[in-house]
1. Taking only the stretch 64-88 into account, find how many residues are at pLDDT below 95 and either polar (S, T, N, Q) or part of a loop (DSSP other than H, G, I, E, B) (or both).
2. Taking the stretch 125-157 on its own, how many of its residues are among the hydrophobic types (A, V, I, L, M, F, W, C), touching a residue at least 40 places away in the same chain (Cβ under 8 Å) and closer than 16 Å to SER67 by Cα?
3. Across the stretch 91-105, what is the number of residues that are farther than 14 Å from ALA65 by Cα and at pLDDT 95 or above?
4. Report, by residue number, each residue of the stretch 121-159 that is within 18 Å of GLN75 (Cβ to Cβ) and among the small types (Gly, Ala, Ser).
5. For the subset of the stretch 22-68 comprising residues that are among the charged types (D, E, K, R) and more than 21 Å from THR98 (Cα to Cα), which member is nearest to the chain's Cα centre (by Cα)?
6. Being out of contact with any strand residue (DSSP E or B) (no Cβ under 9 Å at 6 or more places or on another chain) and either surrounded by 13 or more Cβ atoms within 10 Å (Cβ to Cβ) or over 23 Å from GLY49 (Cβ atoms) (or both): is that true of ALA113 here?
7. Select from the stretch 53-63 the residues that are among the hydrophobic types (A, V, I, L, M, F, W, C) and either out of contact with any strand residue (DSSP E or B) (no Cβ under 9 Å at 6 or more places or on another chain) or assigned to a helix (DSSP H, G or I) (or both) and list them in ascending order.
8. Only residues in the stretch 88-102 that are among the polar types (S, T, N, Q) count as the first member; pair them with residues that are part of a helix (DSSP H, G or I), Cβ under 7 angstrom, at least 6 apart or cross-chain, and list the lot.
Amino acid sequence: MNTSLLKILGILLFIGMVVTSRAALKVGDTLPDLTSFNLSGPLPADLKGKVVIVDFWASWCLPCAESFPVMDELQKKYGDRLVVLAVNVDEKAAKMETFLKKHPVTFTVVRDAEQKLVAVAEPATMPTSFILDGEGKVRFLHHGFHGDATRREYLTEIDSLLK
């Protein structure tokens with residue numbers, strides 16, 4: 001094997017190790033301070049002591065459109081004991097706004113225009129939801145939305161955290 005090919009393979013191996021060693025937000029991690037990410041839109045005033053769902057979504061995502069009524073139902077059911085924070089990842093605010101006109105909600109929606117929070121959380125799919133306890137630790141993680149099965153999981157998990 002020639003040395004150029006070996007160098008290229010070495011570089012590719014190094015890049016692969018760097019990419020796979022990045023740590024996405026996972027169960028047991030604490031969510032970083034949201035004010036440090038320059039999110040577009042007002043953040044909830046106080047999350048301490050509340051169960052929080054941080055839901056990453058995009059306007060083009062069909063499962064996201066299906067999940068929004070469930071998230072809205074959860075926000076209404078649990079009131080001030082739960083904060084649903086939907087983080088939009090669209091590049092253009094207009095796409096988010098068009099989606100929200102079709103799917104109005106009562107929970108908080110912000111946009112991560114600079115993809116800073118996305119870079120830390122690394123959502124694997126759209127939507128991806130992180131359910132946090134009252135101390136801000138990730139206790140449950142959902143990749144995608146699977147209708148009533150996901151709804152039931154949310155209810156069970158939120159109830160367990162509120163006990």
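The values are calculated or read from the model by the stated rules, or taken from the named source; none is laboratory data. All values derive from a computational prediction rather than experimental measurement. Note: ideal-geometry Cβ built from the backbone for every residue, glycine included; neighbour counts use all protein chains shown.
1. 0
2. Matching residues across the stretch 125-157 total 6.
3. 3
4. SER129, GLY134
5. LYS26
6. When the stated conditions are applied, ALA113 does not pass them.
7. Matches in the stretch 53-63: TRP60, CYS61, LEU62.
8. ASN88/MET96
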